[in-house]
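What follows is a short report on a single structure.
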Amino acid sequence: MLTEQKARELFPDFDKELVDELLEHASVKTFHEGDTLMKTGQLFRSIIIVVSGSVKIFREDEEGDEYFMYYLQPGQACALSMICAARHQASELKAEAATGTEVITVPLEYMDKWMKTYKSWYYFVLENYRNRFQELLSTIDHVVFRNMDERLLFYLKKQQESTGSDILVVNNTTIAQELNSSREVVSRLMKKLAENGMIRTLSNQKIQVLDLHLN
């Protein structure tokens, strides 16, 4: 449930009137880990803002293979949903709950209204566009200009930042799928990281991050 106190914590720059409208018109939805929030090709009827938990954003190809792009954290909106919603276009990305996640959805008609009425909403939308664009640039940089071992370090660091924990619940198969690589390659690189003292394997589903040396 989104309370006024929680809304002010997540959106400290919002006008009081905007917070009141948000509480009045937003709907709260809860998702379990692994649930799909948004499918490729889906048409938007509302925009999505994360309240708690985290959301993974993927790009899918025509064969259904996925590539991990970035996370959405509490207080962040899906910039793509805003763009596609405003232009009545279908989604080009997939969103999946990385943990137990709560989001709020806001009907499309309020996006244009709030852009004209509240500067704090206008700046919120622009900041989300800017941040997601930076995330995309960072991802492209690691895909195009980095080797697989560097891409793996980047991926693990993002996982660590998202969860706020040095213990990551992840396996080599999932990593390979999200980096569009093979399990054999990922397993070899993870073994190398462990030998170099950068991670410690705790189980088939869990690793401990020690020192990733991410540049």
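The values are calculated or read from the model by the stated rules, or taken from the named source; none is laboratory data. Bear in mind that the values here come from a model prediction, so they are computed numbers and not experimental data. Neighbour counts are summed over all protein chains in view; Cβ atoms, including those assigned to glycine, are modelled from backbone coordinates with ideal geometry. Note: areas computed on protein heavy atoms with side chains; ligands, DNA, RNA excluded. Shrake-Rupley method; radii C 1.70, N 1.55, O 1.52, S 1.80 Å.
Rank Leu179, Leu137, Leu152 by how far each Cα sits towards the positive end of the charge dipole of the chain (+1 on Lys, Arg Cβ; -1 on Asp, Glu Cβ) and give me just the farthest.
Looking along the dipole axis, the top candidate is Leu152.
Which net charge results for the neighbourhood of His25, defined as the other residues with beta-carbon distances under 11 angstrom from its beta-carbon, given Lys and Arg at +1 and Asp and Glu at -1? Could you put the intermediate results ahead of the total?
Details: positive: Lys113; negative: Asp20, Glu21, Glu24, Glu109.
Cβ neighbours under 11 Å give a net charge of -3.
Angle, helix 16-25 long axis vs. longest principal axis of the chain, Cα atoms, 0 to 90°, nearest 10?
The angle comes out near 80 degrees.
Can you give the helix-only mean residue ellipticity at 222 nm for the chain, where every DSSP H stretch with n ≥ 4 adds -39500 (n - 2.57) and the sum goes over all residues, rounded to the nearest 500 deg cm²/dmol? Working shown, then result.
Numbers: 8 runs with 99 residues, N = 215.
Calculated at 222 nm, the ellipticity per residue is -14500 deg cm²/dmol.
Using the crude model of +1 on Lys and Arg Cβ and -1 on Asp and Glu Cβ, and no other charge, please compute the dipole size for the chain relative to its Cα centre, in debye to 20.
On the way: 25 positive and 32 negative charges, 62 e Å.
For this selection, approximately 300 debye.
Would you kindly compute the Cα radius of gyration of the chain and its largest Cα-Cα separation (Dmax), both in Å?
18.5, 57
Sequence neighbours fewer than 8 away in the same chain don't count; with that in mind, list the lysines whose C-alpha is under 30 Å from Lys192.
In chain and number order, the partners are Lys56, Lys157, Lys158, Lys206.
How much FRET efficiency would the formula 1/(1 + (r/R0)^6) give for Tyr129 and Glu33, where r is the Cβ-Cβ distance and R0 is 25 Å, rounded to 0.05? Intermediate results must be reported in sequence, preceding the final value.
Working: r = 28 Å, r/R0 = 1.10.
The formula returns an efficiency of 0.35 here.
Fully extended, how many nm does the chain gain between Lys157 and Lys16 (0.36 nm per residue separation, minus their Cα-Cα distance)? Kindly include the intermediate steps, with their values, before the conclusion.
On the way: separation 141, 0.36 × 141 = 50.76 nm, distance 3.64 nm.
Full extension of this stretch gives 47.1 nm more.
Tell me the carbon and sulfur percent of the accessible area for the chain, rounded to whole percent, probe radius 1.4 Å.
On the way: 5540 of 11690 Å².
The value for the chain is 47 percent carbon and sulfur by accessible area.
Show me, for segment 114-119, the HN-Hα J-couplings you get by feeding each phi into the Karplus relation (A = 6.51, B = -1.76, C = 1.60, θ = phi - 60°), rounded to Hz, glycine and proline as x.
5, 4, 7, 9, 10, 5
Rounding to the nearest 10 and keeping the result within 0 to 90°, find how far the Cα-based axis of helix 148-163 lies from the longest principal axis of the chain.
That helix lies at roughly 50 degrees to the long axis.
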